[in-house]
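First the structure, in the form of structure tokens, and then the observations on it.
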Amino acid sequence: MTAGHSPMPVDLAGWLAWLESRNAIQITLGLERVAAVWARLDITLDLPIVTVAGTNGKGSTCAFLEAMLRAGGYRVGLYTSPHLLRYNERIRIDGHEVSDADLCAAFAAIEAIRRDTPLSYFEQGTLAALWLFARAGLDALVLEVGLGGRLDAVNILDADCAVITPVDLDHQVWLGQDRETIGREKAGITRSGRPLVCSDPQPPATVLATLATPVLCLGQQFRVEAEGEGRWSCRIGDALFPALPRPALLGTHQYHNAAAALTALWQLRARLPLPVSALRAGIAQTQVVGRFQVVDRAPLRILEVAHNPHAARTLALQLADLPATGKRVAVCALLGDKDLAGVVAALRSSFDIWHIAPLNGERAGPVSALADVLRENGCAYHTHISVTQAWSTACREAGPADTITAFGSFHTIAEILQSIREQEIPMGRSHD
């Protein structure tokens, strides 16, 4: 859409619809296109940048980084994906989602300079985020990789500190068929002579082969040490951060995510000094929608975006920590390109009954494929025509002592959140 062609959209809904329709192929890896347009923008972002890649835990780690920095008085730009209900969720400035008007202005600015260079939906969104960040008077940026790392659009910027969360099998069509190959793609966000923090307890060798300096790994160069009653310490080399609070986000893995964020900020302390009080406040306050989020208590209803075997194994551990009361009910919808067998194998002992449903879109697969895997694993299940129907049925049939856990995809949780909003069911505390 350049000069002399059809007019630009007038609102955010129009922009997003146009960007989606323009791209027949939604996922297009490579930096050449986005880097060319970025160069034309002639923007300089002279501020510390933390880039976060990995298979699971990226969103939580980014949220810890943002919360700790903001607790220390810094203005932070946060870029994450995907969103659940509103595109605006992807871009936060000083803790607030950007407005529709600001997004429209950013998309128009990118479009005006794009010329004939094709950009994917994600690439144009990334450039729009950076355009907005450059105008916001920020002190630091936290960028979440969308897919992979080496060829992801956020990698046009050099990270001052890279963070790699646990690496596992996901998006194999684009990233490779084994952890070593996928790890090499994730490690592409590192830069020679700049620190890497890795919260994978057993990282692929390809991650450790980076030219980053230093490389700090969970359980080696930094550690989580329990102090009792949920309190803990983080030890980074000879530095000790004691009496840290229980993370607001539930799950043992969240201690690892918080420690990785703290360790990354410790590497940047010369440019972003933080008092321990800010670190503690950030850990205690961080929340993310859709990550082991409790939306009601009787019955207990939990929303979790887990959609691959590694995340499913983590979810199984979280559920095992809950009091053993009532029936355990799953509401699940998975995209067709996910490892259905791996997800079910991790969770088949966690539920008494599954309510399953199809998703919409080009990556959606038939719900019958999930039904086949459940049947092969001896799991009881009911099939529904939509995620909303599966959720409402599970809620209607549950008793007050039961636990309902919805998971499988960002799309799954988005449909349920929209249903909750429309029914005006009081939302509980968000817990990741």
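The values are calculated or read from the model by the stated rules, or taken from the named source; none is laboratory data. Note that the structure is a prediction, hence the values are computed from the model and not measured. Positions of Cβ are generated from backbone atoms using ideal geometry, with glycine treated the same way; all protein chains shown enter the neighbour counts. We work out accessible area using only protein heavy atoms, side chains counted, and drop any ligands, DNA or RNA first. Shrake-Rupley method; radii C 1.70, N 1.55, O 1.52, S 1.80 Å.
Per-structure values
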quantity: Check on residue 211, buried (at least 21 other Cβ atoms within 10 Å of the Cβ), of a type outside the set (D, E, K, R) and touching a residue at least 12 places away in the same chain (Cβ under 8 Å); calculated: no
quantity: Only one of 246, 235 that is surrounded by 12 or more Cβ atoms within 10 Å (Cβ to Cβ), under 23 Å from the mean Cα position of the chain (by Cα) and among the basic types (Lys, Arg); calculated: 246
quantity: Residue tally, condition part of a loop (DSSP other than H, G, I, E, B) and in contact (Cβ under 8 Å) with a residue 24 or more places away in the chain, over the stretch 222-246; calculated: 2
quantity: Qualifying residue in the stretch 115-128 (condition: open to solvent by less than 10 Å² (accessible area, probe 1.4 Å), at pLDDT 95 or above, farther than 28 Å from residue 273 by Cα and among the hydrophobic types (A, V, I, L, M, F, W, C)); calculated: yes
quantity: Within the stretch 401-432, considering residues that are at pLDDT 95 or above and assigned to a loop (DSSP other than H, G, I, E, B), the one least open to solvent (accessible area, probe 1.4 Å); calculated: 402
quantity: Pair list, Cβ under 7 Å, 6 or more apart: the stretch 329-348 residue under 26 Å from residue 400 (Cα atoms), other residue hydroxyl-bearing (Ser, Thr, Tyr) and modelled with pLDDT under 95; calculated: 333/409
quantity: Verdict on residue 151 being crowded, with 21+ Cβ neighbours inside 10 Å and either of a type in the set (A, V, I, L, M) or part of a helix (DSSP H, G or I) (or both); calculated: no
quantity: Residue in the stretch 279-286 that is crowded, with 19+ Cβ neighbours inside 10 Å, hydroxyl-bearing (Ser, Thr, Tyr) and not in a helix (DSSP H, G or I) present; calculated: yes
quantity: Restricting the stretch 337-378 to residues that are charged (D, E, K, R) and modelled with pLDDT under 95, the residue that is nearest to the chain's Cα centre (by Cα); calculated: 338
quantity: Unique residue being aliphatic (A, V, I, L, M), assigned to a loop (DSSP other than H, G, I, E, B) and open to solvent by less than 40 Å² (accessible area, probe 1.4 Å) when the list is 359, 370, 315; calculated: 359
quantity: Which listed residue is on the phi < 0 side of the Ramachandran plot, touching a strand residue (DSSP E or B) at 6+ places or on another chain (Cβ under 7 Å) and assigned to a loop (DSSP other than H, G, I, E, B), from 272, 249; calculated: 272
quantity: Residue in the stretch 376-384 that is among the hydrophobic types (A, V, I, L, M, F, W, C) and farther than 22 Å from residue 287 by Cβ present; calculated: yes
quantity: Residue check, residue 157 closer than 30 Å to residue 102 by Cβ and either of a type in the set (Asp, Glu) or touching a Ser or Thr at 6+ places or on another chain (Cβ under 9 Å) (or both); calculated: yes
quantity: Members of the stretch 214-270 found to be under 27 Å from residue 317 (Cα atoms), out of contact with any Phe, Trp or Tyr (no Cβ under 9 Å at 6 or more places or on another chain) and of a type in the set (Lys, Arg), listed by number; calculated: 223, 231
quantity: Filter result (part of a loop (DSSP other than H, G, I, E, B), open to solvent by 40 Å² or more (accessible area, probe 1.4 Å) and within 15 Å of residue 313 (Cβ to Cβ)) within the stretch 324-344; calculated: 339
quantity: Residues that are among the hydrophobic types (A, V, I, L, M, F, W, C) and more than 19 Å from residue 290 (Cα to Cα), drawn from the stretch 328-353; calculated: 340, 341, 344, 345, 346, 351, 353
